[in-house]
Amino acid sequence: MHRDVEILVVGLGAMGSAALYHLARQGAAPVGIDQYAIGHAQGSSHGHSRAFRVFYNDPVYITLVKAALPLWQELETLSGEQLLIPNGMLAFAKPENERLDQNIRIMQDTKTSHEVLTAEEVAARFPALRLPGNTVACYTPDSGFLNPSRCVRTHVSQAERFGATVHSGATVHHIDLSKEHPEVETSTGSYCCRRLIVAPGPWASQLLKDLSLPLQVTRQQKFYFQPQEVTALYQPDRLPVYADYDRAYYGFPYYGPGIKVADDGHGPVTSPETVDRTLDLDVQNALAQWIKTIMPEVNPSFIEGATCMYTLTPDHDFLIGDHPLNPNILVGVGFSGHGFKFSTIVGKILAELATDGKTDYPIDKFRLNRFG
Ligand SMILES: Cc1cc2nc3c(=O)[nH]c(=O)nc-3n(C[C@H](O)[C@H](O)[C@H](O)COP(=O)(O)OP(=O)(O)OC[C@H]3O[C@@H](n4cnc5c(N)ncnc54)[C@H](O)[C@@H]3O)c2cc1C
């Protein structure tokens, strides 16, 4: 079957589902396709929690995360779903951690709400956490966490409500860039479109091979633990998102199956076709040990874990903009393990680029040709 469409979105994970929603909100009646069912667990956007962190060292990301907040709230109002749990975030490290200190300075420069706390103040405010005496901690009250599977499903269902058409189970095999209006061949037929948005997450190197993007896919794992006693102290209203800047470990309060913790350090290089989804016991044990050191009363037992993929660029900044070989194709890839919080604003930016050819949001640093 062949279809002519105005705007086609390929990939309905975090970024594509958001683009579809914003296009539909503008009345553009987009069509979205994905190889899997909406909300699947094969890519980068499944599970119960993704940090919504305003604690960045770059004003561009702070501008974008602040712009994302009202969009998430608007989506919550429209759908009646809770997507964002606004419980703040606590980043901490030993004294003189360069990254932590730099982020604190940028919080001051950008007038982003934050409080620098001692270990004692942390224990008084968040009694589950017992950090070493010399810890430097910074609490950002405007942070929190998003429920990623629910966000993706909600973007898609609200997009449909505003006139989008969704085809799941359609795998794109080839994009013909040579025509002014790109042609897309899929397992269920072909499409000719005036504008095409491509947001294939970890599959980007395959689908955009003409661009030879310097992307690296890594295998990441997250683990859920059950405290021996589930008390009020582990709930989101008493425990923020917490991140150890000396070790790159981070965690969440009790939400979904338990307390989720993960290592933000990059796992082994892989690909969506070959990724090993068996859980790594060494990482699991290291994380269990870490929780015991910062929450001595938790006595955690392992419940479950899952594998996910980061798609890294060399500078860990995103790739967003026109396809250098065809300006009717817009690309959003390389979200480098920290893209979820921005997904609704990235979707809006991609929608604006597709319909207006420009955006006022600061995306210059994300241009596709910056690696030569
Ligand atoms: C363990 C882990 C923890 C993370 N923690 C955080 C966090 O705390 N905060 C944060 O902000 N970010 C976090 N991230 C990063 C964030 O989740 C990702 O940046 C984001 O989800 C990437 O979304 P995406 O749309 O690019 O990719 P995906 O969500 O994977 O979407 C890509 C979609 O394209 C589809 N697709 C691909 N190829 C084709 C094809 N040929 N035909 C049809 N469809 C196709 C796929 O099926 C998929 O649905 C984390 C990531 C992981 C893995």
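Please give the contour-minus-distance gain from ALA37 to LYS358: 0.36 nm per residue of separation, less the Cα-Cα distance, rounded to one decimal in nm.
Numbers: separation 321, 0.36 × 321 = 115.56 nm, distance 3.12 nm.
Fully extending the segment from ALA37 to LYS358 adds 112.4 nm.
Using a/c under 1.5 as the rounded threshold, could you call region 1-134 rounded, prolate or oblate? The axes a ≥ b ≥ c are square roots of the C-alpha gyration tensor eigenvalues, and prolate needs a/b larger than b/c, oblate otherwise. Before the final figure, lay out each step's value.
Numbers: a/c = 2.64, a/b = 2.30, b/c = 1.15.
Taking the square roots of the gyration eigenvalues as a ≥ b ≥ c, region 1-134 is prolate.
Students often get this wrong, so check it: of LYS179/LYS222; LYS66/LYS179; LYS111/LYS365; LYS222/LYS358, which have C-alpha atoms separated by over 32 Å? Let's see the in-between values first.
Working: LYS179/LYS222 43 Å; LYS66/LYS179 38 Å; LYS111/LYS365 22 Å; LYS222/LYS358 37 Å.
Pairs exceeding the cut-off: LYS179/LYS222; LYS66/LYS179; LYS222/LYS358.
Tell me the angle of helix 281-294 to the major Cα principal axis of the chain, expressed in degrees between 0 and 90 and rounded to the nearest ten.
50 degrees
On full extension of the chain, what length is gained from MET1 through GLN284, given 0.36 nm per residue of separation minus the C-alpha to C-alpha distance?
Details: separation 283, 0.36 × 283 = 101.88 nm, distance 4.76 nm.
The span from MET1 to GLN284 would gain 97.1 nm if fully extended.
Binning at 20 angstrom from zero up to the longest distance, how are the C-alpha pair distances of the chain distributed in percent?
29, 57, 14, 0
So how strong a dipole does the chain carry about its Cα centre when Lys and Arg Cβ are +1 and Asp and Glu Cβ are -1, to the nearest 20 debye?
The dipole of the chain has a size of about 280 debye.
Measure nothing fancy, just the Cα-based angle from helix 148-161's long axis to the longest principal axis of the chain, in degrees from 0 to 90, nearest 10.
30 degrees
Please turn the phi angles of region 127-141 into ³J(HN,Hα) values with the Karplus equation 6.51 cos²θ - 1.76 cosθ + 1.60 (θ = phi - 60°), one per residue in order, whole Hz, x for glycine and proline.
x, 5, 8, 10, 9, x, x, 8, 4, 9, 10, 10, 9, 10, x
Could you rank the peptides 283-293, 215-225 by their average count of other C-beta atoms within 10 Å per residue, with the highest value first? Before the final figure, lay out each step's value.
Numbers: 283-293: 16.4, 215-225: 21.5.
So the order, starting with the most tightly packed, is 215-225, 283-293.
GNM, the chain, Cα, under 10 Å: largest mean-square fluctuation among VAL346, VAL54, VAL298?
In this elastic network of the chain, the residue with the biggest mean-square fluctuation among VAL346, VAL54, VAL298 is VAL298.
Given a 1.4 angstrom probe, I'd like the percentage of the accessible area of the chain that is carbon and sulfur, rounded to a whole number. Before the final figure, lay out each step's value.
Numbers: 7280 of 15170 Å².
Exposed carbon and sulfur together represent 48 percent of the surface.
With the crude spin-label approximation of a point 7 Å out along Cα→Cβ, what separation in nm comes out for VAL230 versus SER301?
1.3 nm
By how many nm would the segment from HIS174 to SER113 lengthen if fully extended, with 0.36 nm per residue of separation less the alpha-carbon distance? Write down the numbers at each step before the final one.
On the way: separation 61, 0.36 × 61 = 21.96 nm, distance 4.66 nm.
Fully extending the segment from HIS174 to SER113 adds 17.3 nm.
For the chain, take the longest principal axis of its alpha carbons; what is the angle in degrees between that and the long axis of helix 98-109, to the nearest 10 within 0 to 90?
70 degrees
Rounded to the nearest 500 deg cm²/dmol, what is the calculated helix-only ellipticity per residue at 222 nm for the chain, with -39500 (n - 2.57) per DSSP H run of length n ≥ 4? Mind dumping the intermediate values first?
On the way: 8 runs with 98 residues, N = 372.
One gets -8000 deg cm²/dmol as the mean residue ellipticity at 222 nm.
What percent of all Cα-Cα pairs in region 185-312 falls in each 10 Å bin, counting up from 0?
So the P(r) values, bin by bin, are 11, 34, 25, 17, 10, 3.
The values are calculated or read from the model by the stated rules, or taken from the named source; none is laboratory data. The structure displayed is predicted, hence computed values, not measured ones. Here the Cβ is made from the backbone with ideal geometry for all residues, glycine too, and neighbour counts use every protein chain on show. Only protein heavy atoms, including side chains, enter the accessible area calculation; ligands, DNA and RNA are left aside. Shrake-Rupley method; radii C 1.70, N 1.55, O 1.52, S 1.80 Å.
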